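The block underneath contains the structure these notes are about, expressed in structure tokens.
None of the figures in this text is laboratory data; all of them are computed from the coordinates on show. Predicted model, so just to flag it, every value in this text is computed and none were measured. Ideal geometry is used to build each Cβ from the backbone, glycine not excepted, and the neighbour counts take in all protein chains shown.
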Amino acid sequence: MKRRSFLKGTSTATLVSATGLLGVAQTTTAMEKTNPYHFKPTLEKARQIPGLFMNFIVTGKETGGAYALIEGKIRKGAEPPMHTHQHEDEAFYILEGEMIVTIGEQDFHVKPGDYVFLPRGIPHTQKLISEQLHTLVFISPAGFEDYFWTLSKPAVDFSIPPLSQEQPNEE
């Protein structure tokens, strides 16, 4: 079959899925099943745990399970221990602050504007250098965001709550 006749009869979605340009073959299928979506920050999708604020920009419910995107703000001292995701990839886009991300045996010093990808199956952790970090967290496929939702409580505002041993500042 000649290249031109093949390309004429093949949809763009099929080509992208076949070539893996989207990274996850299910992404095209999942996105075709969803509706257009627009997010405006409200407390309705914001959650907090000691030392961490999360705003659930988009979850698997809106993306057909393809991915989730969370705005996160974290205080130094609230970082997770070394852990491994078996079913999902994770990525951070840093908006403010600095941290060291350890992925397997590699350390990455990330600053505002940096992006770091954490593949599933590889142990990783983060250690803040700055007192606080503001980031976008991408999870694919979606589902792991439900853990954070269940672990947290509805946010009372858009701030990072104190760590559990800290007392709120009474200014």
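Just a few scattered comments:
- Whole-angstrom Cα spans of region 85-171 along principal axes, big to small: 43, 28, 23
- Ranked by how many other beta carbons lie within 10 Å on average, peptides 107-113, 69-75, 121-127, 37-43 from highest: 69-75, 121-127, 107-113, 37-43
- The local environment of L151, defined by Cβ-Cβ distances under 13 Å, has a net charge of 0 under the rule Lys, Arg +1 and Asp, Glu -1.
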